[in-house]
Amino acid sequence: MSALLSIEGLGIGFGGIRAVNDVSFSVRPGEILSVIGPNGAGKTTLFNMISGVYRPDAGRVVLDGEDVTAIEPHLLARRGLSRTFQNLQIFQSMTVLDNAVAGYHLRESGSVLADLFSLPASRRRAREAREGARALLARVGLERAAEREAGNLSYGALKRLEIARALALNPKVLLLDEPAAGCNAVETEEIDHLIAEVAKSGVAILLVEHDMKMVMRISNHIVVLDHGEKIAEGDPATVSQNPAVIAAYLGTEEAAHADG
Amino acid sequence: MRLSAKSATLIVLLALVALSPLLFPSNFYYRVGALIFVNAIAVTGIVILTGYAGQVSLGHAGFAGIGAYACALAPVHWGIHPGLALFLGAGISGVLAYLVGRPILRLHGYYLGVATLGFGILVAMILTNERALTRGPDGIDVPDLGLRGLLGDLGLSLSNGQFWYFFTGLCMIVGAWIALNLHDSPTGRALRALHGSEVAARTVGIDVAQLKLRAFVISAVYASVSGSLLALQNRFVTPDVAGFMHSIEMVTMAVLGGVGSVLGAIFGAAILTLLPQVLTVFAEYEHMVLGLVMILVMIFLREGLLPSILKKLRGKDE
């Protein structure tokens, strides 16, 4: 099967420092590709370039055969790319249900006039979005929290809510930035299953995750970054044996301890 | 069945408009009531812009000025009926809001506040200085709307005060109904979403700049209608309607009552319209008292008076 998302020689610099340099890889439908690397390796920067938050100064992002480099995030969403964030981006003062419904924005939005006067067309679109959102909440195990204010949920629940919102777009490509960070073992396993299930439905998944056990368990393919460069790539078994990868991780272990 | 927040708000407003006159000691209070409703309409627009979408405008009185002077000038110069002039003013305000907002709302931060501040001052200056057209700071007469006479012919005779009380009250309820529709609609949800997190709003496909612009245009139309109704009711208008203090008043009313809730903001409009009437003794200190009230609300009741009070009451029930 051909690639759904291709990253070709992507790079960006901040004030003379190359945060990401000449990184290339591609993801096929149904595949789970993980990007790993020590802290500061450029993983989140890479994600931000792919999802249109940062503008790369080199290389291209190709989504489903189209060059989508540096186009605005809301237009990327329209083309089927959806993401979650390392530091949660939840609509805190809205209900859990409304957060999920927001993910249906592209499908439920229509004329403003219909919305202002609550015309039947507007009410129907809103109802359909609500039904879809409820089903998604059930899928991530949050159906009972639907009416609660999102800000009151636990961290792990918010992580799942963010995934539900991203899935509401019915994406072709899903970018997950540390979906299991801050979650306990049970929650991590739930998220594990969820990701595997989503991939099975044909979505291409791009994952950044620190939990190595999880990465090794669910990834089909792993790309390793260090100091903004791709130092290795391959299936989990190959990558974990790679001397460059081992060196990169061992070399930074002390620094990681020092950070606390 | 439990009442939706929308129905509950509308029932409360209807009851207040219909029943308050029973308590009026004199006809003067019809006039105060109508002033409250006119302010409440502008403040409902602020709820959409600031409460839903999280954007701040410091120049909405500029749109009120356009609405007011449309009703004063269009009938005289173009022979348009004053009632239609209200819609003409709303249209002009909407288009101007679009033109002013389009370049600004692409930017982040407080640019909208500063730019609208400039816009409001500009409108007030034009209204003050273009004497040939607007007769300047002395103000200008506004023709009769004619609706009261029409109702009289149909056998429903109301005093001038009563007519404007019920007419503006009705307009306010329609305005609230529209704002509440918007709140639960796809557009309203998207507005609240971008208020919560613009980054996340973009990733679900929300065109943030375009939606902010829509909220800005809608709220400008509210301000314009409010200005028109004020001019039609007073049969007279001065450039003060577009003044900076009026812009600040709108925002203050909304924030005081609770900018996230339509009912709260209308409550704020009522308090700040009533206060100067009650505090005539303190006329000299009016602005000081207002300032003090604002500071205290911001410190102790940050969500605004009504939401904070309701939360306290609910807390006791459970």
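Cα convex hull of chain B: how many Å³ per residue? Present the calculation step by step, with values, prior to reporting the outcome.
On the way: hull volume 52.1 nm³, N = 318.
So the per-residue hull volume is 164 Å³.
Tell me the label-point distance for the pair B:ILE299, B:ILE11, using the 7 Å Cα-to-Cβ offset, in nm and rounded to one decimal.
Taking the two extended label points, one gets 3.9 nm.
Considering only the protein assembly as shown, what is the antiparallel percent among its DSSP beta bridges, to the nearest 5? Walk me through the numbers before you get to the answer.
Working: 22 of 38 bridges.
Of all bridge pairs located within the protein assembly as shown, approximately 60 percent are antiparallel.
With an 8 Å cut-off on Cα pairs and a minimum separation of 6 or more residues, tell me the relative contact order of chain B in percent. Let's see the in-between values first.
Numbers: 486 pairs, mean separation 105.8, N = 318.
After rounding, I find 33 percent.
At most 12 other Cβ atoms within 10 Å and a DSSP loop assignment: could you name the GluC sites (Glu not before Pro) in the range A:143-228 that fit? Numbers along the way, then the final one.
On the way: sites: A:GLU143, A:GLU147, A:GLU149, A:GLU162, A:GLU187, A:GLU189, A:GLU190, A:GLU197, A:GLU209; in loops: A:GLU147, A:GLU209.
The qualifying sites are A:GLU147.
With +1 on the Cβ of every Lys and Arg and -1 on the Cβ of every Asp and Glu, and nothing else charged, how large is the dipole of chain B about its Cα centre, in debye rounded to the nearest 20? Walk me through the numbers on the way to the answer.
On the way: 19 positive and 15 negative charges, 167 e Å.
I would put it at about 800 debye.
Which whole-number percentage describes the relative contact order of chain A, with Cα contacts under 8 Å and a sequence gap of 6 or more? Show your work: numbers first, answer last.
Working: 488 pairs, mean separation 70.9, N = 260.
For chain A, the relative contact order is 27 percent.
Below 8 Å between Cα atoms, with a sequence gap of 6+, how large is the relative contact order for the range B:171-318 in percent? Intermediate results must be reported in sequence, preceding the final value.
Numbers: 88 pairs, mean separation 24.4, N = 148.
Rounded, it is 16 percent for the range B:171-318.
By how many nm would the segment from B:ASN160 to B:HIS77 lengthen if fully extended, with 0.36 nm per residue of separation less the alpha-carbon distance? Intermediate values should be presented prior to the final figure.
Values: separation 83, 0.36 × 83 = 29.88 nm, distance 2.60 nm.
Contour length minus Cα-Cα distance gives 27.3 nm.
Tell me the mean residue ellipticity at 222 nm calculated for the protein assembly as shown from its helices only (DSSP H runs of n ≥ 4, each -39500 (n - 2.57), averaged over every residue, nearest 500).
On the way: 26 runs with 344 residues, N = 578.
Result for the protein assembly as shown: -19000 deg cm²/dmol, rounded to the nearest 500.
Need one number: nm distance between label points at A:GLU8 and B:TYR111, each 7 Å from Cα along Cα→Cβ, rounded to one decimal.
3.3 nm
Taking N as the number of residues in chain A, what is its alpha-carbon radius of gyration divided by 2.2 N^0.38 Å?
Details: Rg = 19.1 Å, N = 260, 2.2 N^0.38 = 18.2 Å.
Output field value: 1.05.
Show me, for the range A:159-173, the HN-Hα J-couplings you get by feeding each phi into the Karplus relation (A = 6.51, B = -1.76, C = 1.60, θ = phi - 60°), rounded to Hz, glycine and proline as x.
Each residue's phi maps through the Karplus curve to give 4, 5, 4, 5, 5, 4, 4, 5, 5, 4, 6, 6, x, 8, 10 Hz.
Which three extents, in angstrom, do the Cα atoms of the range A:175-221 have along their principal axes, listed largest first?
28, 17, 17
What ³J(HN,Hα) values, in whole Hz, does the Karplus curve 6.51 cos²θ - 1.76 cosθ + 1.60 give for the range B:225-231 when θ = phi - 60°, with x put for Gly and Pro?
Whole-Hz 3J(HN,Hα) from phi for the range B:225-231: 4, 4, x, 4, 5, 4, 5.
Going by the alpha-carbon gyration tensor, a ≥ b ≥ c the square roots of its eigenvalues, is the protein assembly as shown rounded (a/c under 1.5) or, if a/c is not under 1.5, prolate (a/b greater than b/c) versus oblate? Walk me through the numbers on the way to the answer.
Values: a/c = 2.55, a/b = 2.21, b/c = 1.15.
The shape class here is prolate.
In terms of the ratio Rg/(2.2 N^0.38 Å) built on C-alpha atoms, what value belongs to the range B:42-185? If you can, show how the numbers build up before the last one.
Values: Rg = 17.5 Å, N = 144, 2.2 N^0.38 = 14.5 Å.
Cα Rg divided by the expected 2.2 N^0.38 Å: 1.20.
Give the residue from A:LEU136, A:VAL203, A:LEU161 lying farthest towards the positive end of the charge dipole for chain A; charges sit on Cβ (+1 for Lys and Arg, -1 for Asp and Glu) and the dipole is referred to the Cα centre.
The Cα lying farthest towards the positive end belongs to A:LEU136.
Residue-wise, which Karplus ³J(HN,Hα) couplings in Hz belong to the range A:177-190, taking 6.51 cos²θ - 1.76 cosθ + 1.60, θ = phi - 60°, and x for glycine or proline?
Couplings: 9, 6, x, 9, 4, x, 9, 7, 4, 5, 5, 4, 5, 4 Hz.
Pick from A:LYS172, A:LYS159, A:LYS200 the residue whose mean-square fluctuation is largest in a GNM of chain A, springs joining Cα atoms under 10 Å.
Looking only at A:LYS172, A:LYS159, A:LYS200, the largest GNM fluctuation is found for A:LYS200.
Specify which residue in the list B:LEU127, B:ILE92, B:TYR111 is farthest towards the positive end of the charge dipole of the range B:81-162, using unit charges on the beta carbon of Lys, Arg (+1) and Asp, Glu (-1), about the Cα centre.
Projecting each Cα onto the dipole axis, the largest value belongs to B:TYR111.
Looking at the square roots a ≥ b ≥ c of the eigenvalues of the Cα gyration tensor of the range B:81-144, which shape do they give, rounded for a/c under 1.5, prolate if a/b is larger than b/c, or oblate? Please report the intermediate quantities before stating the final value.
Working: a/c = 3.61, a/b = 1.63, b/c = 2.21.
Verdict is oblate for the range B:81-144.
Please name whichever of B:SER159, B:PRO137, B:LEU170 sits farthest to the positive end of the charge dipole of chain B, dipole taken about the Cα centre and charges placed at Cβ: Lys and Arg +1, Asp and Glu -1.
The residue sitting most towards the positive pole is B:LEU170.
Kindly provide log₁₀ I(q)/I(0) values, in the same order as q = 0.13, 0.16 Å⁻¹, from the Debye equation applied to equal alpha-carbon scatterers of the range A:1-89.
-0.41, -0.63
Write out the chymotrypsin sites (Phe, Trp or Tyr not before Pro) in the range B:78-145 meeting two conditions: DSSP loop, and at most 14 other Cβ atoms within 10 Å of their Cβ.
Numbers: sites: B:TRP78, B:PHE87, B:TYR98, B:TYR110, B:TYR111, B:PHE119; in loops: B:TYR110.
Passing both the DSSP loop test and the Cβ count: B:TYR110.
Take the alpha carbon gyration tensor of the range A:20-71, find the square roots of its eigenvalues, order them as a ≥ b ≥ c, and report rounded if a/c is under 1.5; if not, report prolate when a/b exceeds b/c, else oblate.
Numbers: a/c = 1.95, a/b = 1.12, b/c = 1.74.
It comes out oblate by the Cα gyration axes.
P(r) for the range B:125-234: what percent of alpha-carbon pairs falls in each 10 Å bin, starting at zero?
Pairs per bin, as whole percents: 12, 27, 23, 22, 13, 2.
Give me, ordered by chain and number, the residues 5 or more places off B:PHE236 or on other chains with an amide H under 5 Å from its own placed amide H.
Here B:VAL142 satisfy the definition.
Simple spin-label model, 7 Å along Cα-to-Cβ: A:ARG28 to B:SER308 in nm?
6.1 nm
Lysine pairs in the protein assembly as shown with Cα distance under 19 Å, only those 8 or more apart or on different chains: how many are there? Could you put the intermediate results ahead of the total?
Details: A:LYS43/A:LYS159; A:LYS43/A:LYS213; A:LYS43/A:LYS230; A:LYS159/A:LYS213; A:LYS172/A:LYS200; B:LYS6/B:LYS311.
So the count works out to 6.
How tilted is helix A:120-139 with respect to the longest principal axis of chain A? Cα atoms for both, answer in degrees (0 to 90, nearest 10).
So the inclination is approximately 40 degrees.
With just the Cα atoms defining each centre, how far is the range B:243-318 from the range A:73-137? Give it in Å.
Comparing the Cα centres of the range B:243-318 and the range A:73-137, I get a distance of 33 Å.
Given chain A, what percent of its DSSP beta bridges are antiparallel, to the nearest 5?
Values: 20 of 36 bridges.
The antiparallel fraction comes to roughly 55 percent.
Each reported figure results from applying straightforward, stated rules to the coordinates on display, with no laboratory input. This structure is a prediction, so every number in the text was calculated from the model and none was measured. So basically every Cβ, Gly included, is an ideal-geometry build from the backbone, and we count neighbours across all protein chains shown.
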